[in-house]
Amino acid sequence: MKLGFLSIDLGTILFTLCNTLILFLGLKHFLFKPVQKILEERQAAVDQTMQDAEDARSRAEAAETEYTEKLANAKEESAAMLRNATRKAQQRSDEIVAQAKSEAAGILQQNRDELERERRRAESALRSEVSGLAVMVAEKVVEREINQDDHARLIDEFIDSVGDVQ
Amino acid sequence: MTSAAMMMIPKFLTGPEELTVEGPKVLFTFNLLGLKINFTETIILEWIVMAVILGLSYFLTRNLKVKGISKRQVIAEMAVDAITNLVRDTMGKRWLWFTPYIATIFCFSIFGSLISLLGVRAVTSDFSVLLTWAAITFILITWTKIKYGGVGGYLKGFADPIPVMLPINILSEVATPTAMALRHFGNIAGGSIIMGLVYYGLASLSHMIHLQVPVLTVGIPAVLSLYFDLFSDFMQAFIFIMLTMVFISNAGPADDEPA
């Protein structure tokens, strides 16, 4: 038996209603629920990844700022050290030069004093020798003993005159 | 060609001998609460279609993963995504819970129409099936109107804008599901009749030029079948769900508060 082409059949309507409901529940359970669950999980994972990336970026930025600061500090420090060392070296060299100069001047002075002393000694030795010689000459000339005091005075006068002539 | 050779050609190769336009076959009839209920071939076909759809869903959603997904999962996700976006764009976020029903009607309609490619009646060439779906849409429209406007608002809507419009409003209310059901049924059933006519005509033509096997029916109908079976099946399913979505969401308030 066949139904009419455009028939409205109660049995078909009831069965179709049930079948549609079953298919609705089935699709919801077998397709939509698992897929939506996985889509939500993926969304959560993506959000997490984005959050992590954002955190990492801000951490990296903080580190970069820190390093830049440290580098600047280190440069400044090294420049200061260099300046300090240069100044110290300059100071030291100045000191050494000054010391050398003063030492040289001391040695020169010492030599001059020594020379002076030598000259004095030679002078006094010459003087005593000359006085002896003069006494001898004078004894021979006057043939008499001259008073020792007059003697000395005469010698000195003589030496002085000799020295003046010189 | 001798008559002996003609006898050897199997019956199914000789082409249709007659063309009949009939409804679905009644397999058996039983009594339920005093009502005579027909169990037709449409129901069996519906079960096959349901088994295919649910089997496909089950197959596509095995081993779902968040990362490194399989091709099957891509298809499942694309399908869910596409239908969800369609519902969101057409009906608004408030109606997202409605998505599985739209998917149900869409799949049921498409597969129910395409099953005719296997040589059986299309589920959707049974008017009762389309009438059922249209009735569901009608009930949902009415339910939405009452939900957002109250029973008073719903009844007042029939006298809008003037009470004289009452008969016309009632008519338009009933016309909505009737037109939906008839449009879908007419396209699919009409398409199958046209294809039947084409096959019958080409077979007759083959016999007229003394071909025992109707060779003309090979190839030529396939071109028409592209439209009447593939394109039309898809279009009617799409039109049906679009109308369902538009009518139901229009029954509610227009402004869509963020869900």
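For a quick check: with amide H placed at 1.01 Å from N, whose amide H comes under 5 Å from B:Leu27's, ignoring anything fewer than 5 positions away on the same chain?
The answer is B:Phe39, B:Thr40, B:Glu41.
What residue among A:Gln48, A:Asn84, A:Ala134 has its Cα farthest toward the positive end of the dipole of chain A, where the charges are +1 on Lys, Arg and -1 on Asp, Glu, each on the Cβ?
Going by the charge dipole, the pick is A:Gln48.
Any chance you could give the angle, 0 to 90 degrees and rounded to 10, that helix B:232-251 forms with the longest Cα principal axis of chain B?
The helix B:232-251 is inclined about 10 degrees to chain B.
What residue among B:Phe59, B:Ile110, B:Ile248 has its Cα farthest toward the positive end of the dipole of region B:3-251, where the charges are +1 on Lys, Arg and -1 on Asp, Glu, each on the Cβ?
B:Phe59
In square nanometres and to one decimal, what's the mean projected area of the convex hull around the Cα atoms of the protein assembly as shown?
Numbers: hull surface 254.6 nm².
Averaged projected area of the protein assembly as shown's Cα convex hull equals 63.6 nm².
Direction-averaged shadow area of the convex hull around the Cα atoms of region B:96-232, nm²? Display every interim value, and only then the final one.
Working: hull surface 45.5 nm².
Value for region B:96-232: 11.4 nm².
Dipole size in debye (nearest 20) for the protein assembly as shown around its Cα centre, Lys and Arg Cβ +1, Asp and Glu Cβ -1?
On the way: 39 positive and 47 negative charges, 776 e Å.
Here the protein assembly as shown has a charge dipole of around 3720 debye.
State the answer as a single residue: which of B:Gly201, B:Leu131, A:Phe30 lies farthest towards the positive end of the charge dipole of the protein assembly as shown, with beta carbon charges of +1 for Lys and Arg and -1 for Asp and Glu, about the Cα centre.
So the residue furthest toward the plus end is B:Gly201.
Quick one: 3J(HN,Hα) in Hz for region A:52-67, Karplus 6.51/-1.76/1.60 with θ = phi - 60°, rounded, Gly and Pro as x.
Listing the rounded values in order: 4, 4, 4, 4, 4, 5, 5, 5, 4, 5, 4, 4, 4, 4, 4, 5 Hz.
So what's region A:11-166 giving for Rg/Rh, alpha carbon basis, Kirkwood Rh from the mean inverse pair distance? Intermediate results must be reported in sequence, preceding the final value.
Working: Rg = 59.8 Å, Rh = 28.8 Å.
Across region A:11-166, the Cα-based Rg/Rh ratio is 2.07.
Suppose every Lys and Arg Cβ carries +1 and every Asp and Glu Cβ carries -1, with no other charges. What dipole size does region A:10-161 come out with about its Cα centre, to the nearest 20 debye?
Working: 22 positive and 29 negative charges, 327 e Å.
It comes to approximately 1580 debye.
Considering chain A as a Gaussian network with a 10 Å cut-off on Cα pairs, which listed residue, A:Asp47, A:Asp150, A:Asp55, attains the greatest mean-square fluctuation?
A:Asp150
Whole number please: convex hull volume per residue, Cα atoms of region B:3-251, in Å³.
Details: hull volume 53.0 nm³, N = 249.
With only Cα atoms used, region B:3-251 gives 213 Å³ per residue.
Can you pull the mean other chain C-beta count within 10 Å for peptide B:214-221? Let's see the in-between values first.
Working: counts 0, 0, 0, 0, 0, 0, 0, 0.
Counting other chains' Cβ atoms within 10 Å and averaging over B:214-221 gives 0.
List the longest stretch of chain B that has no exposed loop site; here a site is one of the GluC sites (Glu not before Pro) assigned by DSSP to anything other than H, G, I, E or B, with at most 13 other Cβ within 10 Å.
Answer from the scan: B:23-259.
Taken together, the values in this text are just the output of simple stated rules run on the coordinates, not laboratory data. Remember, predicted model here, so these are calculated numbers, not experimental data. Note that we place each Cβ from the backbone using ideal geometry, even for glycine, and neighbour counts take in every protein chain shown.
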